[in-house]
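Notes follow the structure.
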Amino acid sequence: MPAIGLLGDVMLGRSVGDRLREVPAEHLWSDEVRSLCASLDLVVCNLECCISDRGERTRRIHGKPFFFRAPPSAVEALQEIGVRAVSLANNHALDYEEEALADTLELLGRAGVVAAGAGRGTDEARRPAVVELDGTRVGLLCVSDHPREYAARDRSYGIAHAEMKRGMPEWLFDEMARLRERCDLTIAFPHWGPNMSPSPARWQRRVAAHLQAAGADLVAGHSAHVFHGLEWSEGGPVLSDLGDTIDDYRVDPLLRNDLGVLAIWQPGAGEEELELVGLKLDFCFTGLAKGADAEWIATRLEAACAELGTGVERLAEERFRVRPR
């Protein structure tokens with residue numbers, strides 16, 4: 001079975017975009033990060049921005065504070081870490097309106113990066129992505145619980161939206177079940193929950209269980225900007241939030257949103273199925289966590305996983321294996 005890497009929010013706009021206009025895309029990542037990602041068969045991330053030189057800031061949401069748009073060279077930043085599939089189901093895909101989202105889809109497609117979670121019209125936006133890996137079909141289903149103003153409608157561009165806190169909608173269950181029939185491996189990749197929340201809410205755990213019942217082999221989420229512990233149910237592993245991967249955000253000294261994780265999923269590998277690698281975000285540059293940063297991740301991860309009934313084994317300074325207790 002393949003080794004699949006999953007990353008949380010990749011934000012390539014604002015200051016990160018400015019840096020991309022000045023230096024080659026490889027300069028956003030440390031050599032260690034690029035080497036590690038190159039060793040994987042597939043890397044998936046949440047693309048927390050649109051990629052375009054066009055569009056105007058949306059007026060759909062009154063008082064919206066942040067707008068993220070990356071230059072076309074941002075596609076190269078994804079390629080530098082081997083990203084072959086992205087989610088666009090998030091609260092920044094339409095920050096510069098429909099023409100910028102359309103450009104994003106076109107630029108990704110040209111680069112051979114498949115996208116799910118957004119498109120023209122509801123059917124296209126909700127349609128999962130499928131990646132072929134040496135005869136293994138990997139399905140990716142993406143959805144966001146916010147904002148409803150970005151939801152695709154009729155023939156307009158938008159995201160796959162579902163207010164999951166109220167329960168899992170029928171269309172989401174049906175899409176997951178159909179994807180299960182088509183693929184050897186399936187990943188549910190939701191953008192959900194409030195910012196800076198350090199642990200999954202009850203409704204997130206409930207929806208994760210529903211996604212597993214519908215056919216998801218792995219549930220991995222994002223949105224909180226801080227990573228959560230990993231839960232292991234009868235249906236498989238659930239990592240409700242992967243944290244951030246690269247950005248230019250202000251750092252909370254307590255919640256440490258400058259520390260994220262790369263999840264490495266090797267389905268069928270028994271106790272070695274799920275590993276987490278600590279990442280350090282240093283304002284428009286991401287490397288592996290070292291020293292005190294790695295220790296912070298180790299302490300935080302052990303406590304967060306213990307709350308969810310899983311154990312953590314430290315394999316290296318910044319590398320951890322998570323397994324059921």
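Say R0 is 35 Å: what FRET efficiency, to the nearest 0.05, do Glu106 and Arg178 get from their beta-carbon distance?
FRET efficiency, Glu106 to Arg178: 0.85.
Counting alpha carbon pairs within less than 8 Å and at least 6 residues apart, what relative contact order, in whole percent, applies to the range 173-325?
Reported as a whole number, the value is 18 percent.
Here are several values of P(r) over Cα pairs in 20 Å bins from 0, in percent: (i) 29, 57, 13, 1; (ii) 26, 55, 19, 0; (iii) 36, 61, 3. Which one was derived from the coordinates shown?
(iii)
What is the sum of charges, Lys and Arg at +1 and Asp and Glu at -1, for the other residues whose Cβ falls under 9 Å from the Cβ of Pro2?
Net charge in that neighbourhood comes out at -2.
Where in the range 82-114 is the amide nitrogen less than 15 Å from a point lying 7 Å along the Cα-to-Cβ axis of Asp53?
In the range 82-114, the label zone of Asp53 (backbone N under 15 Å from the point 7 Å along Cα→Cβ) covers 100, 103-104, 107.
Would you work out which of Tyr249, Ala224, Met164 lies farthest towards the positive end of the dipole of the chain, given +1 charges on the beta-carbon of Lys and Arg and -1 on that of Asp and Glu, about the Cα centre?
So the residue we want is Met164.
Apply 1/(1 + (r/R0)^6) to the Cβ-Cβ distance of Phe67 and Glu295, taking R0 = 35 Å, and write down the FRET efficiency to the nearest 0.05.
About 0.45, to the nearest 0.05.
Counting Lys +1, Arg +1, Asp -1, Glu -1, what net charge surrounds Arg137 among other residues with beta carbon under 14 Å of its beta carbon?
Result for the neighbourhood of Arg137: -2.
Of all the accessible heavy-atom surface of the range 44-153, with the other protein chains kept in place and a 1.4 Å probe, what percent is carbon and sulfur?
41
Would you list which lysines come within 26 Å of Lys290, measuring only between C-alpha atoms, while excluding same-chain residues fewer than 8 positions from it?
Lys280
For His210, what accessible surface area do you get with a 1.4 Å probe? Give it in Å², rounded to 10.
Estimated to the nearest 10 Å², His210 gives 80 Å².
Counting only DSSP beta bridges with both residues in the chain, tell me the antiparallel percent, nearest 5.
The antiparallel fraction comes to roughly 55 percent.
Helix-only estimate, please: 222 nm mean residue ellipticity of the chain, summing -39500 (n - 2.57) across DSSP H runs of length 4 or more and dividing by its residues, to the nearest 500.
-7500 deg cm²/dmol
Where does each of Arg137, Arg59 land when they are ordered by accessible area, with a 1.4 Å probe and the largest first?
Arg59, Arg137
When only C-alpha pairs under 8 Å and at least 6 residues apart count, what is the relative contact order of the chain, in percent?
In percent, rounded to a whole number, it is 17.
Only four residue types carry charge here, +1 at the Cβ of Lys and Arg and -1 at the Cβ of Asp and Glu. Report the dipole size of the chain about the Cα centre in Debye, rounded to the nearest 20.
That gives a dipole near 860 debye.
So how much slack lies between Glu26 and Glu99, counting 0.36 nm per residue of separation and subtracting their Cα-Cα distance, in nm?
23.5 nm
Tell me which lysines have Cα within less than 27 Å of Lys64's Cα, excluding those fewer than 8 residues away on the same chain?
Lys165
For the range 282-325, what is the charge dipole size about the Cα centre, in debye to the nearest 20, if Lys and Arg each add +1 at the Cβ and Asp and Glu each add -1 at the Cβ?
Dipole magnitude for the range 282-325 comes out near 240 debye.
Percent relative contact order of the range 257-319, based on C-alpha pairs within less than 8 angstrom and at least six residues apart?
Relative contact order for the range 257-319 comes out at 28 percent.
Separation of the range 21-65 and the range 118-169 by C-alpha centroid, Å?
Comparing the Cα centres of the range 21-65 and the range 118-169, I get a distance of 19 Å.
Which one of Gly117, Gly135, Gly55 has the biggest mean-square fluctuation once the chain is modelled by GNM with Cα springs under 10 Å?
Gly135
With every protein chain in place, what's the accessible area of Thr299 (1.4 Å probe, Å², nearest 10)?
Accessible area of Thr299: about 90 Å².
Of Val44, Val23, Val113, which has the largest mean-square fluctuation in a 10 Å C-alpha GNM of the chain?
The residue that fluctuates most here is Val23.
What length, rounded to one decimal in nm, is gained on full extension from Gln79 through to Ala201, with 0.36 nm per residue of separation minus their alpha-carbon distance?
40.6 nm
Going from most exposed to least, what order do Phe283, Phe189, Phe173 have by accessible area with a 1.4 Å probe?
Output order, biggest surface exposure first: Phe283, Phe173, Phe189.
The values are calculated or read from the model by the stated rules, or taken from the named source; none is laboratory data. The structure presented is a predicted model; accordingly, all values stated were derived computationally and were not measured. Neighbour counts run over all protein chains shown; Cβ positions are idealised from the backbone, glycine included. Protein only, heavy atoms only, side chains kept; ligands, DNA and RNA dropped before computing areas. Shrake-Rupley method; radii C 1.70, N 1.55, O 1.52, S 1.80 Å.
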